[in-house]
Amino acid sequence: MISAATKLYAVIGDPVGHSLGPVMHNRAFGALGHDGAYLAFRVTDIVSAVTGIRALGIRGISITIPHKISVMPHLDHCDDLALEIGAVNTIVNDNGHLKGYNTDCLGAVRALGTATQIKGRRVVVVGAGGAARAVAFGIREAGGVLTIANRTRNTGESLAAELDAQFVPLAETGGGAWDILINTTSVGMSPNDGEMPVLERALNGDMVVMDAVYNPLKTRLLKHAEEMGCVTVGGVGMFVHQGAIQFELWTGSAAPLDAMEDAVLSVLQENQK
Ligand code: ATR
């Protein structure tokens, strides 16, 4: 029940029409009886939006494309990891004091952590864009031995250098070199779901394979990995875990992870029919 005491939460970005944030967080509020409501706002002017967040006392914000970097100078404070990554996907508003976090990073670590230990494992992150940055910093924090694989050499090499990681050209990824492979590119996303970000020979059956893509739920990469006997983690896991960390930052309560995953899966299964 929405009342005068209900706290407001929102995702801001452009586009936001297909965001799964409202379904996931409203289900979480309902599951725990938290008096909150979460809406999606399409925002082009990030400076005015931040002024509005302060003026209206919006308690928690998810930031998505294209504002994850440009929002940072307008906040009062950024968490150290978000500063290092150079991107914020979450804001907590404490009585007008806005603090930025990056939960994409630890969300990826938690999702992967449901399937495998990370510390000491050889991990290849495929991609060198914004998503790759967040995931790669998380893997480094968790003690993984990191390689960046990218199509374009100079962007891949510069991310690898920042992280003290190895770089390998995408076309040269071969099986046997890694324990864990994480795709952070959009390759394999619907409607191009016949594509795979790495060559088939990049995988062997002992690897754990995680894909940030969740549309389709089972990408060609994950299907192939399963056929080879790999343990796999789908993109919904990463999305739900980053949302769970947001929920914890906003409410101080442990997130109802199963309810959040169920809400996201039911929308995606319906859309993908
Ligand atoms: P995001 O913020 O979602 O990570 P991005 O910053 O545009 O998006 O980064 C996209 C990443 O996916 C890049 O690493 C890109 O590789 P390049 O640096 O070579 O452009 C990678 N990528 C996108 N399409 C790809 C494709 N068809 N094959 C291989 N890599 C691709």
**Item:** Signed unit charges on C-beta, dipole axis of the range 195-273, positive-most listed residue LEU221, VAL208, PHE239
**Value:** LEU221
**Item:** Burial order of peptide ranges 148-157, 180-189 (average beta-carbon count within 10 Å, highest first)
**Value:** 180-189, 148-157
**Prompt:** Roughly how tilted is helix 46-56, in degrees to the nearest 10 and between 0 and 90, from the longest Cα axis of the chain?
**Reply:** 40 degrees
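Starting from the Cα-Cα distance between THR51 and VAL231, subtract it from 0.36 nm times their residue separation and give me the gain in nm to one decimal.
Working: separation 180, 0.36 × 180 = 64.80 nm, distance 4.52 nm.
Length gained, THR51 through VAL231: 60.3 nm.
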**Request:** Mind checking which aspartates and glutamates have their Cα closer than 19 Å to the Cα of LYS7? Skip sequence neighbours fewer than 8 apart in that chain.
**Result:** ASP35, ASP94, GLU248
**Message:** Classify the range 167-234 from the C-alpha gyration tensor, please: rounded if a/c falls under 1.5, else prolate or oblate depending on whether a/b exceeds b/c.
**Reply:** oblate
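How much length is gained if the chain between ASN95 and VAL267 is pulled fully straight, taking 0.36 nm per residue apart and subtracting their Cα-Cα distance, in nm to one decimal?
Working: separation 172, 0.36 × 172 = 61.92 nm, distance 3.39 nm.
Value of the extension gain: 58.5 nm.
Using square roots of five times the C-alpha gyration tensor eigenvalues, list the equivalent-ellipsoid semi-axes of the chain in whole Å, biggest first. Don't skip to the end; give the middle numbers.
Values: eigenvalues 207, 87, 51 Å².
Values for the chain, descending: 32, 21, 16 Å.
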**Item:** Only Lys, Arg (+1) and Asp, Glu (-1) charged, at Cβ; the range 100-240 dipole about Cα centre in debye
**Value:** 120 debye
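State to the nearest 20 debye the size of the charge dipole of the chain about its Cα centre, where the only charges are +1 on K and R beta carbons and -1 on D and E beta carbons. Could you put the intermediate results ahead of the total?
Details: 20 positive and 27 negative charges, 41 e Å.
Computed about the Cα centre, the dipole is about 200 debye.
Calculate, for ARG151 and ASN204, the FRET efficiency according to 1/(1 + (r/R0)^6) with r their C-beta to C-beta distance and R0 22 Å; round to the nearest 0.05. Don't jump to the answer; show the numbers that get you there.
Working: r = 22 Å, r/R0 = 0.99.
The computed FRET efficiency comes out at 0.50.
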**Computed helical MRE - 222 nm, the chain, DSSP H runs ≥ 4 contributing -39500 (n - 2.57), nearest 500** = -11500 deg cm²/dmol
**Request:** Let me know the shape class of the range 1-66, please: from the alpha-carbon gyration tensor, a ≥ b ≥ c as square roots of the eigenvalues, rounded when a/c is under 1.5, otherwise prolate if a/b is greater than b/c, or oblate.
**Result:** oblate
**Item:** Highest-first arrangement of 11-22, 190-201, where packing means the average Cβ count within 10 Å
**Value:** 11-22, 190-201
**Message:** How large is the Kirkwood hydrodynamic radius of the range 179-273, counting all unique pairs of alpha carbons, in Å?
**Reply:** 14.1 Å
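If r is the Cβ-Cβ distance from GLN166 to LEU217 and R0 is 22 Å, what FRET efficiency results, to the nearest 0.05? Kindly include the intermediate steps, with their values, before the conclusion.
Details: r = 31 Å, r/R0 = 1.41.
So, using R0 = 22 Å, E works out to roughly 0.10.
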**Asked** If you line up the long axis of helix 153-162 against the longest principal axis of the chain, both from Cα atoms, how many degrees apart are they, to the nearest 10?
**Response** 70 degrees
**Message:** Within the range 56-72, list the residues whose amide N lies under 18 Å from a label point set 7 Å along Cα→Cβ of ILE2.
**Reply:** 56-62
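Using a simple charge model, +1 on the beta-carbon of Lys and Arg, -1 on the beta-carbon of Asp and Glu, nothing else, what dipole does the range 109-156 show about its Cα centre, in debye to the nearest 20? Display every interim value, and only then the final one.
Working: 8 positive and 1 negative charges, 18 e Å.
Using only the charged Cβ atoms, the result is roughly 80 debye.
Computed from the coordinates by the stated procedures, all read-outs in this text should not be read as laboratory data. Values in this document were obtained by computation on a predicted structure and should not be read as measured data. Cβ coordinates were reconstructed from backbone atoms using ideal geometry, including for glycine residues, and neighbour counts include every protein chain displayed.
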